[in-house]
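The values are calculated or read from the model by the stated rules, or taken from the named source; none is laboratory data. Here the structure is a predicted model, which means the values were calculated and not measured. Backbone-built Cβ (ideal geometry, glycine too); neighbour counts: all protein chains shown. With ligands, DNA and RNA removed, areas are computed over all heavy atoms of the protein, side chains included. Shrake-Rupley method; radii C 1.70, N 1.55, O 1.52, S 1.80 Å.
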Amino acid sequence: MNSQPMRLSHSWLQQLNHAWHGRVLSVYMLIVFGHWAEHIAQAYQVYLLGWRPAEAGGVLGLWFPALAQSEILHFVYNLALLLGLIGLREGFRGRARSWWTAALVFQGWHFFEHFLLQLQWLTGFYFFGASQQTSLLQIWLPRVELHLLYNSIVFAPMVVALYLYGEA
């Protein structure tokens with residue numbers, strides 16, 4: 001019997017993208033769907049209940065309004081989404097990886113926007129002379145709709161990547 005201690009032949013990241021990939025991907029997608037549920041709840045509050053966007057915080061934003069007002073909730077979520085897209089990318093092959101990479105690129109911009117929102121909150125300097133944090137593209141599209149659009153643009157290639165991943 002070998003008295004050598006057992007060593008992993010792969011690094012943690014390699015395990016993430018091989019042996020654990022399917023399970024971690026499932027947990028990751030639960031987080032993604034949870035975030036979608038928040039945005040859908042917020043849209044419901046604005047469009048069906050007639051709340052002002054400043055009052056519509058989704059579910060967690062109603063329970064913890066400071067999280068929604070400071071943008072920390074979405075900043076942390078978008079950082080987690082970006083890190084997940086980066087970390088899980090190597091587990092995709094072929095066309096699935098191309099679509100996952102597209103989601104990663106779009107999420108890079110989405111995270112940058114949330115970084116700017118968080119920066120404005122922390123400094124009190126708001127873009128375009130606004131009275132609160134403002135996304136760069138918010139000058140053309142209201143924030144609720146803009147972030148639904150951003151999430152859709154990130155989510156659509158993820159769905160295609162998952163479909164192609166399931167075929168492999």
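Couple of notes before you dig in:
- Whenever a residue of region 139-168 is more than 20 Å from H21 (Cβ to Cβ), its partners that are crowded, with 18+ Cβ neighbours inside 10 Å and at pLDDT 95 or above, lying with C-beta atoms within less than 7 angstrom and at least six residues away or across chains, give the pairs I153/F106.
- Scanning region 102-123 for residues that are free of Cβ contacts under 8 Å to residues at least 24 places away in the same chain and either outside any helix (DSSP H, G or I) or under 15 Å from G84 (Cβ atoms) (or both) yields L104, V105.
- Pick from region 30-74, criterion open to solvent by 40 Å² or more (accessible area, probe 1.4 Å), closer than 21 Å to S131 by Cα and within 19 Å of the chain's Cα centre (by Cα), ranking: modelled with the lowest pLDDT: Q69
- Looking only at residues of region 109-123 that are over 19 Å from the mean Cα position of the chain (by Cα) and open to solvent by 70 Å² or more (accessible area, probe 1.4 Å), we find that the one that is farthest from R89 (Cα to Cα) is T123.
- Residues of region 147-159 that turn out to be touching a Phe, Trp or Tyr at 6+ places or on another chain (Cβ under 8 Å) and not polar (S, T, N, Q), as a count: 6
- In region 124-147, the count of residues that are open to solvent by 50 Å² or more (accessible area, probe 1.4 Å), of a type in the set (S, T, N, Q) and in a helix (DSSP H, G or I) is zero.
- Among the residues of region 5-29, those identified as at pLDDT 70 or above and outside any loop (DSSP other than H, G, I, E, B) are H21, G22, R23, V24, L25, S26, V27, Y28, M29.
- Within region 135-167, the set of residues being closer than 19 Å to F106 by Cα and of a type in the set (S, T, Y) comprises S135, Y150, S152, Y163.
- Region 89-101, residues that are open to solvent by 30 Å² or more (accessible area, probe 1.4 Å) and either closer than 16 Å to G22 by Cα or in contact with a Pro (Cβ under 7 Å, 6 or more places away or on another chain) (or both): R89, E90, R93, R97, W99
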